[in-house]
Amino acid sequence: MTDPAATATATPDGPADQPVRTRRSSRPRRGASPARQRAYAAVGVVGEVLITLGVLLFAFLAWQLWWTDVEGNRAQAEIVRDLDWQVAPTPEPSATETGPLVAEPRRDEPPVMAEPSHATTFATIQVPRWAGEPERPVSQGTDRATVLDVLGVGHYEGTAMPGGVGNFALAGHRTTYAKPFNRVAELQVGDPIVVRTSDTWYVYRVTSTEIVMPSQVDVIAPVPGDPGATPTERFITLTTCHPMFSARERFIVHGTFDYWAPVTDGTPAELLPAA
């Protein structure tokens, strides 16, 4: 009589504790129904469409969040270079005096230029708190298509010009298109904001920041927050979107005028390394 254990051990498929292999049925499998085949095909098409949309979305985000900054920084730097303004003078090299000539602050009546035509670049802005940020051009108008997306910082038409009594109000992107106002949240009370025209420096000081709704346009009134008042001071206001990557609110920076200086007198101390 045959020993079952011996039979199991002698199987060609391996030891006895492995599962016994079963022989596949020789009957042909029935194919999927036409309806199921159509469903599979539809799922495949939808999957390919979703993958394509994902790739396109990723490409759009890369363009929006990165490439517009690359192009914007290049374009704005070229705009500043093309202004071809006079370079602030430096003293003659000597054993006791080196480096840029520091402009003496003046607090008498500053020169104020007339408003230029739309999209004209008439000034630049520098914020020492934003170390590493370039000098940005300031142009007339605040629409995206012709100013903010292509020229940089925009000046609200009808508001004061640099050094003028009233509110010199500016707008700029916080993200994308070189994001000139990306670092507004870093500003602190007392920080300088330096504006330059072809022949004059204007130095303002930050007085406050706030977050408002887009409908609160009184922030750019001649007297910020008090649209019915007659201005007697010189203000500056920076506006940008808030929070990051959203236009739900506005981040606002207010400042007041400190002093002015002719470019021929040198460079404001606030822009020099020792400031």
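No lab work stands behind these numbers, since they all come straight from the coordinates. Predicted, not measured: the structure shown is a model, and the values here were computed from it. Ideal geometry is used to build each Cβ from the backbone, glycine not excepted, and the neighbour counts take in all protein chains shown.
Below is a table of values for the structure above.
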read-out: In sequence order, calculated HN-Hα J values of segment 182-194 (Karplus, 6.51, -1.76, 1.60; Hz; x Gly/Pro); value: 4, 10, 4, 5, 7, 5, 10, 4, x, 4, x, 10, 10
read-out: Rg followed by Dmax, in Å, when segment 109-257 is reduced to its Cα trace; value: 13.9, 41
read-out: Shape box of segment 165-252 [Cα atoms, principal axes, largest first, Å]; value: 36, 32, 23
read-out: Residues ILE193, ILE79, ILE51, sorted so that the one with the fewest Cβ neighbours within 10 Å comes first; value: ILE51, ILE79, ILE193
read-out: Evaluated at q = 0.16 Å⁻¹: base-10 log I(q)/I(0), Debye formula over Cα of segment 177-218; value: -0.63
read-out: FRET efficiency estimate (nearest 0.05) - Cβ-Cβ, THR264 to THR120, R0 22 angstrom; value: 0.40
read-out: Euclidean distance between Cα centres, segment 224-275 to segment 125-173, Å; value: 10
read-out: Fewest-first ranking of SER208, SER139, using other Cβ atoms within 10 Å as the exposure measure; value: SER208, SER139
read-out: Cα-based convex hull volume of segment 121-192 per residue, rounded to whole Å³; value: 91
read-out: Estimated inter-spin distance, PHE245 and TYR40, nm [label 7 Å along Cα→Cβ]; value: 3.9
